[in-house]
Amino acid sequence: MAEHQGRASERNERWKAISSSLPITQNENGNGYFTILHGFRYDDFNRKGLMNLTSLSRTFDSTAIYRLPMFGDSNPALGHFVAGMSYQISKELYKMANLNIKIALRIRLANFGKSSIVLYHILEDASSGKILASMFRTLVKVSMDTRRPEPLVPEERRHYEVLLSGSEELAAPRFRLPSVDRAECFSCELVVRNIELDSYHHVNYSMYLEYSAECAAQAAASGYYSKLKGDICAFCVKKASTSHLREARAGEKLTVITWEEPADPFVLYFIVVNKDTDIFHAMFEYYQPVEFSNL
């Protein structure tokens, strides 16, 4: 436990040092923060010149540091693990994203529960105010010693009630994976690399998007999907939902499973399995290619 606390204290100090140099501005009603970013990076775009979901998730992470003022002084014996994400991506993002676009990133508290808090992120065109993408992030307060959820204490609940006062509570979309005969699904195997671990020493949540995308790429190239064929990078994600169930660490061999929704072949599902246990579920819904014929 002392090792966990020491590691967490060091992590918190590093993040505080980083955040002290960022141009953080508090929202008018005090329930969130925003900043301005000047363009995307070259490696945010895939080989087709389109923004990919993993890169978008990491762009949203530019606001993750603003959780610190919301949480106050973090207890080093506790952490906040990602339990689920929900993304909505507009067609305009794929059309407008470039290296020079001025974008605003906003984050606010959406709601909180017994052991969890939900944050709402918005990425918008800073010039027009048009929303390009949004994301709900559900975080669970966890004991770093037991890795089990810990209830919010009264002081935390009062703090979050103040942040929500005068603001509408927002609910993240619910995601439940449908049942499937896994023997009929496409699958691939991946090995976790050390570089994919985060400061909690488990696989960073955004890497599961990359694992899913890799499996989708292999499935599309093999002709497994009925509509999404060839190079998966040519297709644009419209919505995505994820659920993080367990942790994975460096050196572990993961199996990624995918299949398409029978009623809508532009909806794909994913499961990441570690040692016969599901550790991640996801759904990606893609725009139909005809909608992007002008790109």
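What follows is calculated from the coordinates using simple rules that are stated; it is not laboratory data. Worth saying up front: this structure is predicted, and the values here are computed from it rather than measured. Positions of Cβ are generated from backbone atoms using ideal geometry, with glycine treated the same way; all protein chains shown enter the neighbour counts.
Counted over region 131-207 with a bin width of 5 Å, the fraction of Cα pairs per bin, in whole percents, is 3, 8, 10, 15, 17, 20, 14, 7, 5, 2, 0. Peptides 272-281, 236-245, 153-162 ranked from most to least packed give 236-245, 272-281, 153-162, packing being the mean of other C-beta atoms within 10 angstrom over each peptide's residues.
The lysines whose alpha-carbon is closer than 23 Å to the alpha-carbon of LYS238, local same-chain residues fewer than 8 away aside, are LYS48, LYS91, LYS95, LYS102, LYS130, LYS227, LYS229.
Take 195-206, 35-46 and order them by the average number of nearby Cβ atoms within 10 Å per residue, most first; the result is 195-206, 35-46.
Full extension of the chain between GLU168 and LYS253 yields a length gain of 26.3 nm, computed as 0.36 nm times the residue separation minus the alpha carbon distance. For the pair region 200-237 / region 258-276, the C-alpha centres are spaced 10 Å from each other. Compared with the direct C-alpha span, the chain from ASP61 to ILE131 gains 23.5 nm at full extension, assuming 0.36 nm per residue. The overall shape of region 153-295 is oblate: from the C-alpha gyration tensor, with semi-axes ordered a ≥ b ≥ c, the ratio a/c is 1.5 or greater and a/b is no larger than b/c.
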